[in-house]
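*Asks:* Let me give you the structure first, and then I'll get to my questions.
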Amino acid sequence: MPPEHKVIIVGLDNAGKTTILYQFLTNEVVHTCSTIGSNVEEIVFQRTHFLMWDLGGQEALRSTWETYYSNAEALQDASVLIFANKQDVKDSMTTAEISQFLTLSAIKDHPWHIQGCCALTGEGLLAGLQWMHSQATTN
Ligand code: G3D
């Protein structure tokens, strides 16, 4: 069995997480396996398996996030991909503005990358997946 890479998807409600995941599931270069659970999908990109956990963004569920993070040892090599979605919306913040706002440069202990995208058209999503793939295969 090839190794599976765990992907935890978090973000505010309405950010576009479901739309992004749906784009991956319907993209022809991404292969999907059977749905594992209501919030878990397995995708295969260039022979690398990713288990995508959509944890949702609702305040009420945030206390459960820790359950997913609890295996800290397994997550110590985690990489962080930030999708700056809805780039098609007029006056949306640029990736540079978001990086500054979130002080991403302060993240020193994990590789991170910010990718602008539009989940409606799929623009930028493959570039993000490619970065995930490069991280998964070099770690
Ligand atoms: P969530 O899973 O993070 O809660 P959703 O978010 O994927 O359900 O998306 C929330 C709304 O944002 C949806 O609109 C969806 O179509 C829209 N959306 C997602 N990505 C983009 C984007 O890149 N650009 C724009 N303009 N809209 C986007 P509805 O109206 O269906 O609720």
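*Asks:* Give the number of residues within the stretch 77-91 that are β-branched (Val, Ile, Thr) and within 12 Å of the chain's Cα centre (by Cα).
*Replies:* Residues flagged as β-branched (Val, Ile, Thr) and within 12 Å of the chain's Cα centre (by Cα) within the stretch 77-91 amount to 2.
*Asks:* Out of Leu81, Leu75, I need the residue that is at pLDDT 95 or above and either within 16 Å of the ligand (Cβ to nearest atom) or under 29 Å from Val40 (Cβ atoms) (or both). Which one?
*Replies:* Every option except Leu81 fails the conditions.
*Asks:* Is there a residue being of a type in the set (S, T, N, Q), within 14 Å of the chain's Cα centre (by Cα) and either within 26 Å of Val30 (Cα to Cα) or open to solvent by 30 Å² or more (accessible area, probe 1.4 Å) (or both) anywhere in the stretch 116-123?
*Replies:* No.
*Asks:* Here's a follow-up. Kindly evaluate Ser70 against the criterion of being among the small types (Gly, Ala, Ser), surrounded by fewer than 13 Cβ atoms within 10 Å (Cβ to Cβ), modelled with pLDDT under 90 and more than 13 Å from the ligand (Cβ to nearest atom).
*Replies:* Judged against the criteria, Ser70 is a match.
*Asks:* Do we have Lys86 as at positive phi and open to solvent by 30 Å² or more (accessible area, probe 1.4 Å) here?
*Replies:* Answer is yes for this residue.
*Asks:* Sort out which residues of the stretch 10-31 are open to solvent by less than 70 Å² (accessible area, probe 1.4 Å) and either within 6 Å of the ligand (Cβ to nearest atom) or part of a strand (DSSP E or B) (or both), and write them in order of number.
*Replies:* Across the stretch 10-31, the qualifying residues are Gly11, Ala15, Gly16, Lys17, Thr19, Val30.
*Asks:* Just to be sure I understand the filter: pairs with C-beta atoms under 9 Å, separated by 6 or more residues or on different chains, first member in the stretch 84-105 and free of Cβ contacts under 8 Å to residues at least 40 places away in the same chain, second member within 14 Å of the ligand (Cβ to nearest atom) and of a type in the set (Asp, Glu). Which pairs pass?
*Replies:* Pairs found: Gln87/Glu123; Asp88/Glu123.
*Asks:* Further question on the same structure: How many of the residues in the stretch 112-135 are touching a Leu at 6+ places or on another chain (Cβ under 8 Å) and within 13 Å of the ligand (Cβ to nearest atom)?
*Replies:* Here the count works out to 4.
*Asks:* Among the residues of the stretch 41-67, which ones are open to solvent by 70 Å² or more (accessible area, probe 1.4 Å) and either modelled with pLDDT of 90 or more or in a strand (DSSP E or B) (or both)?
*Replies:* If the condition is that a residue be open to solvent by 70 Å² or more (accessible area, probe 1.4 Å) and either modelled with pLDDT of 90 or more or in a strand (DSSP E or B) (or both), then Gln46, Arg47 are the ones that fit.
*Asks:* Please go through the stretch 90-106 and give me each residue that is open to solvent by less than 50 Å² (accessible area, probe 1.4 Å) and not in a helix (DSSP H, G or I), ordered by number.
*Replies:* Of everything in the stretch 90-106, just one residue is open to solvent by less than 50 Å² (accessible area, probe 1.4 Å) and not in a helix (DSSP H, G or I), namely Ser92.
The values are calculated or read from the model by the stated rules, or taken from the named source; none is laboratory data. Note that the structure is predicted; figures quoted are calculated from it, not measured. Quick reminder, even Gly has a Cβ in these numbers, built from the backbone with ideal geometry, and neighbours come from all protein chains shown. For accessibility, only protein heavy atoms count, side chains too; no ligands or nucleic acids. Shrake-Rupley method; radii C 1.70, N 1.55, O 1.52, S 1.80 Å.
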